[in-house]
Amino acid sequence: MKMINVILPLALPGTLTYSVPDTLCRAVTIGVRVLVPLGRSKTYVALVVGECREEPGFKLRDITAVLDSSPVATRLQLRLWEWVADYYMSSPGDVYVAAMPSGLKGEDNYRPKTERCVALAEALGSEASLHAALNILTASRARQQKAMFECFLRLSRWDTAFDDSLPSAVTGVTVEELTNESHCPTTILNALVRRGFLRIYEREVGRLNSRQPPHPENLKTLSEAQQRAHDDVVRSFAGKDVVLLHGVTSSGKTEIYMHLIARTLSEGKQVLYLLPEIALTVQMTRRLQRVFGSRLGIYHSKYSDAERVEIWQKQLSDEPYDVILGARSAVFLPFRNLGLVIVDEEHETSFKQQEPAPRYHARSVAIMLAHMCGAKVLLGTATPSAETYYNARSGKYGLVSLTTRHEGLELPEIEVVDIKDLHRRRMMNGPFSPRLLEAMRDALCDGHQVILFQNRRGFAPMIECQDCGWVPKCRNCDVSLTLHKTMNYLSCHYCGGAYTVPVACPACGSRALRSYGYGTENIEDRVREMFPESRVARMDLDTTRTRNAYDRIISDFSSGRTNVLVGTQMISKGLDFDNVSVVGILNADTMLNYPDFRAYEHAFMMMAQVSGRAGRKRKRGLVVLQTKNPGLPVIGQVAHNDYEKFYSELLGERRAFCYPPYFRLIYVFLRHGKEPVVEGAASEFAASLRRVFASRVLGPDKPSVAKVNLKHIRKIVIKLENGIDLAAVRAELRAVYEHITKNIYKTVEVFFDVDPL
Ligand SMILES: [Zn+2]
Ligand SMILES: [Zn+2]
């Protein structure tokens, strides 16, 4: 009898074994999907991962059908997933769920999807008729209809279609985008359609790629410095599997990547190009498509499932894409003949998946994938992570530095402004110092652009009753709520809960509720007030919920349609603009005060990266860095772009306090609705761990946010010296886990975070 091991899309600890009826035997191979019964009445689509040779002590159930005539996952992929499940201590089912599009897991029927879009009614396609329509809407006092119509004109760019001075091309708008952006329900949209202002049509999503042929002649010639770096990388690959390209911001790393991609393709091999953020794929897609045309495929989570299934199947076919550009989940795609993996902006924390499991780091998985394929890995960044820099310095990775910016661009001048002192002298204008306002005014007068960076979204991080000190908190989490003014609600940034804004304090009845602090929304408002002529855009989680939103914000800013961009860390990620003369960092302290051993590293990277957006051809950019702690060494190191100094100090501290890269960390998190239960489980867990790992175990402690979604959380930290047998460590951890969750603590949710960020 043939027996097989399968993975199900469920968080089960291992694989399950089924028997194969004789009639299906020939159709079953590793990597095909089969239907299996589970429990009394459920059927699942499962993936065959291996054959089972040992007869178990109980009767196996039969699989009921084979779904594929050829494998949908390669053996190499299965090996990689197994490694991910083992190393990151998650179940094979979790990895399977993260890796495969749901269309292939049988959760959804795969069919080309269409989306509903909105267009201007044909009769309105002239400037005069548009004005007439707006007049009618104003006169009829249909406030929401007017708001939605205006929102449509803005999104579709009809509002400037007749304006010669602004670059404009009318673009498609989806129903989802319009209702989200205008904050109006679809009934309003239906009213506008009935009145003959707008029309709705269906558009097929996806169709992956234009059929453009590749144009290798579009590859730009490298500058002398770039060519040198390129050659050094190639030379370095001869001896090392992983090479770090440490190039200052705007040094033209992308051009070097493109030459390396072309080189790899000419050897008949494939390339995987990973970016940390979907936002960046928009800019990069255009650049790569100009050269590689339809040899390029794009893969990330904002794509519909149907599109992802299509790419997956194409990668399994005889004519796969030669270059895949994608965010972290692209490491799970099938590759036939991978030659090079590029991990751009390798320092970015968004390469790490935090929730749900598997909590993997795409950089580490990419290195393992390349290792299994015999491919090379290039890590690129202006601000390497401590781990990567350490590996490069110690000789484990190759290291190539690129210190000149391209086209003679100078690094920006960074001016530190002491806002503590200005506050005391009452010279601050809200979140703005006089120096920043002056710089903004000059830039806008000269027709240049401004970027303002504030790592907090919403209007105000906190509101408080001035009479009794009451602060609104989330009912489900241990955090205060953020005020979002445009839509007038309070929101919890941990569970997403939304609350109405109270008119009076529920504790004392006072109406003196005041908001504190400045979020991006507030800064956007203030820029509009102070610079009425400016055209402001905001880029944060709230404005980029739809697939086209990033694209629009970025292309509006690069084309000059907007001239002030306010944003969170999203704007620090490698976007290239060429008319930005001023960058304002509104408050460095919120980043530095974050309670985590990586706070300074992350703050340094964010500030260095966002500063790198300043500078134009032949004109040095200016960065105004506002802080209450101008004396901190890290501020000076950002100001002088002194990466070496920053890292030698950082590594010294890490070594002294037993942190990565000198030690490895594993966090154990425990969650439960009842605090005494989680408390008890956590102490027992830690006690059991101490018996094995002694003083390597710290805690349990309450994390800085100790309750999320009605669940209390405890955290145990395990610090492991380099060179320790990690497989043995994981086995011990699993044993303790089994032991603790066996009896009274069965309902406690326990998970591991390996190499946490
Ligand atoms: Zn009160
Ligand atoms: Zn909450």
Excluding residues fewer than 8 places away in the same chain, name every one of the aspartates and glutamates whose C-alpha is closer than 18 Å to that of LYS473. GLU464
Student exercise: in the range 260-380, how many lysine pairs 8 or more apart or on different chains have Cα atoms under 24 Å apart? 6
Cut-off 10 Å between beta-carbons: net charge of the residues surrounding GLU721, Lys and Arg +1, Asp and Glu -1: +3
Fewest to most Cβ atoms within 10 Å: ARG538, ARG664, ARG457 sort as ARG664, ARG457, ARG538
Per 5 Å bin, what is the whole-percent P(r) computed from every C-alpha pair distance within the range 262-366? 2, 12, 24, 26, 22, 10, 3, 1
If you put +1 on each Lys and Arg Cβ and -1 on each Asp and Glu Cβ, how big is the dipole of the range 1-112 around its Cα centre, in Debye rounded to 20? 220 debye
From zero up to wherever the largest Cα-Cα distance of the range 1-122 sits, split into 10 Å bins and tell me the percent of pairs in each. 12, 41, 30, 8, 5, 3, 1, 0
Gap in Å between the Cα centre of the range 1-58 and the Cα centre of the range 218-285? 43 Å
So the label point goes 7 Å from the Cα of MET530 along Cα→C-beta, right? Which residues of the range 402-437 then have their backbone N under 17 Å from it? 415-437
Give the residue from LEU67, GLY621, PRO13 lying farthest towards the positive end of the charge dipole for the chain; charges sit on Cβ (+1 for Lys and Arg, -1 for Asp and Glu) and the dipole is referred to the Cα centre. PRO13
In the chain the DSSP beta bridges are antiparallel at a rate, in percent to nearest 5, of 55 percent
Once Lys and Arg get +1 and Asp and Glu get -1 on their Cβ, which of TRP81, THR383, VAL233 lies farthest toward the positive end of the dipole of the chain? TRP81
According to the square roots a ≥ b ≥ c of the eigenvalues of the Cα gyration tensor, what is the shape class of the range 116-182, taking rounded for a/c under 1.5, prolate for a/b larger than b/c otherwise, and oblate for the remainder? oblate
Structure-based [θ]222 nm, the chain - -39500 (n - 2.57) summed over DSSP H runs of at least 4, per residue, nearest 500: -10500 deg cm²/dmol
Label point 7 Å out from SER695 along Cα-to-Cβ: which residues of the range 658-685 have amide N under 19 Å? 658-660, 662-666
Could you put THR29, THR546 in order, starting from the residue whose Cβ has the fewest other Cβ atoms within 10 Å? THR29, THR546
Report, largest value first, the span of the C-alpha coordinates of the chain along each principal axis, in whole Å. 78, 66, 62
I need TYR494, TYR273 ordered by Cβ neighbour count within 10 Å, fewest first. TYR494, TYR273
Listed by chain and number, the aspartates and glutamates with an alpha carbon less than 17 angstrom from that of LYS674, same-chain partners under 8 positions apart left out, are ASP478, GLU684, ASP701, GLU749
Students often check this: by mean Cβ neighbours within 10 Å, which of 180-189, 83-92, 614-623, 381-390 ranks highest, and how do the rest follow? 381-390, 83-92, 614-623, 180-189
So, by mean Cβ neighbours within 10 angstrom, what's the order for 136-142, 16-22 with the highest one leading? 16-22, 136-142
Environment charge at LYS619 (Cβ cut-off 10 Å; Lys +1, Arg +1, Asp -1, Glu -1): +2
Would you please put 428-436, 331-339 in order of how densely packed they are, using the mean number of other Cβ atoms within 10 angstrom per residue and starting with the highest? 331-339, 428-436
Rg/Rh for the range 504-641 to two decimals, with Rh computed the Kirkwood way over all alpha-carbon pairs. 1.02
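Only the coordinates and a few stated rules stand behind these numbers; no lab work does. Quick caveat: nothing in here was measured; it's all calculated off a predicted structure. So basically every Cβ, Gly included, is an ideal-geometry build from the backbone, and we count neighbours across all protein chains shown.
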